[in-house]
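Input: a single structure, listed below in structure tokens.
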Amino acid sequence: MERRQRRRNEHGGQGDADRLLPYCRLRAGEIWHDPQGHHTVGCGDGGDAGFIRKLARGHPKARLAVQDPPYNLALGPRRTVAEYIRFCRRWVANTRRALDDNAALYVWVGADQKNHFQPLPRFMDMMARTDFVSRSLVTMRNQRGYGTAGNWMAVRQELLYYTLGEPEFHVQYTDIPKILRGYYKTVDGRMRENLERSKSRTIRPGNVWVDIQQVFYRMEENVPGCPAQKPLKAVERILLASSSEGDAVVDFFSHAGTTLLAGERTGRRCITCDIDPVYAEITIRRLERFRQTGKTGWQREDPFAREIAAACAQSGPRRDRVETV
């Protein structure tokens, strides 16, 4: 409940979030099935083993999990790092049961430089006690950061990559970022720029990603009310590298619905959920919006703009009746 309260406050205040509940199709424990048969969205706790079994029922074991837990909450006054790690043990165990014997797991985890870089080190230690094998620590560079007054600006997001068994890995050549374009070599007596000498406009993938734009309000994929939204390009890169078309992908913290949308765009089947009905609804609406308009987000619009406008014109909005599972 505390996590839901904090996330609603991030969405624009407790009052605003409560006003959105009548427009949400799902309540705790309920599941929405994609009419086209591709995806599943639930409203429930990723650490609840019973709910996750219900969510995954009828689906094949997933080849990939992309998890973005609310790591910022581990550092707040209401939840200690130890409590956060206990929370992580539950959803990691549920993730393991949902995965195939040959599968990959990616986890976005924070590192608070004011608190011994927690929860990253404790999370890594916890994972070392599981049967997941560590493969890489990816750093994605943000264009904006914090902490410039008396420290190096924090502009990175950490992404841990683990595997089970022997999953396939499809190399994803990436764009050549501007910071790698330079005069590196003298050819025929003249310093030649990297792109001038190369026959390709891409480079081999590395675990430092500087070619991906951080999501902000002017981008089409922006989903207002979803702080720390991960870029669609980053999640699609993960899906293309560590799964194949038609594979099932799980995500127990859907938030802005980015994993589901990436699955829709790359031909994967996404099984996702969020403990907050507002974010579960946003996830469904983002998929529907993409199918109807081709747009990947709302930019500066509100996902609930139509309902909010109608509520201003009328009083007493009611929740539409929907068939639940």
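Rule-based calculations on the coordinates, nothing more; no lab input. Given the structure is predicted, the values throughout are model-derived calculations rather than measurements. Don't worry about glycine lacking a Cβ; one is built from the backbone with ideal geometry, like all the others, and counts go over all protein chains shown.
Return Thr202, Thr174 ranked ascending by Cβ neighbour count within 10 Å, so the fewest neighbours appear first. Write out the running numbers ahead of the final one.
Numbers: Thr202 12, Thr174 17.
Result, fewest neighbours first: Thr202, Thr174.
With the highest mean first, a sort of the peptides 113-121, 89-97 on other beta-carbon atoms found within 10 angstrom per residue produces 89-97, 113-121. Residues whose amide H lies under 5 Å from that of Cys270, counting only those 5 or more places away or on a different chain, are Thr40, Val249; hydrogens are built 1.01 Å from N in the peptide plane.
List the pairs from Lys54/Lys295; Lys61/Lys230; Lys61/Lys233; Lys54/Lys230 whose alpha-carbon separation is above 29 Å, in the order I gave them. Numbers along the way, then the final one.
On the way: Lys54/Lys295 31 Å; Lys61/Lys230 25 Å; Lys61/Lys233 25 Å; Lys54/Lys230 27 Å.
Among Lys54/Lys295; Lys61/Lys230; Lys61/Lys233; Lys54/Lys230, the Cα-Cα distance tops 29 Å for Lys54/Lys295.
Across the stretch 248-257, coupling constants 3J(HN,Hα) worked out from phi with the 6.51/-1.76/1.60 Karplus curve, θ = phi - 60°, read 8, 10, 10, 8, 9, 9, 5, 6, 7, x Hz, and Gly and Pro carry x. Highest mean first, the peptides 46-56, 208-218, 124-134 sorted by other C-beta atoms within 10 Å per residue fall in the order 46-56, 208-218, 124-134.
What is the packing order of peptides 249-260, 228-239, 162-173, taking the mean over residues of other C-beta atoms within 10 Å and listing the highest first? Mind dumping the intermediate values first?
Numbers: 249-260: 28.0, 228-239: 21.2, 162-173: 13.9.
Most protected by this proxy first, the peptides run 249-260, 228-239, 162-173.
Classified by the C-alpha gyration tensor, the stretch 2-313 has a rounded form. Its axis ratio a/c, with a ≥ b ≥ c, is below 1.5. Count Lys and Arg as plus one, Asp and Glu as minus one, and take only other residues whose Cβ is under 10 Å from that of Gln229; the net charge is then -1.
Rounded to the nearest Hz, the phi-derived 3J(HN,Hα) couplings of the stretch 63-70 under the Karplus curve 6.51 cos²θ - 1.76 cosθ + 1.60 (θ = phi - 60°) are 8, 8, 10, 10, 10, 10, x, x, where x marks glycine and proline.
Can you tell me how the stretch 71-146 classifies by the Cα gyration tensor, rounded, prolate or oblate, using a/c under 1.5 as the rounded cut? Oblate, since a/c reaches 1.5 and b/c is not below a/b.
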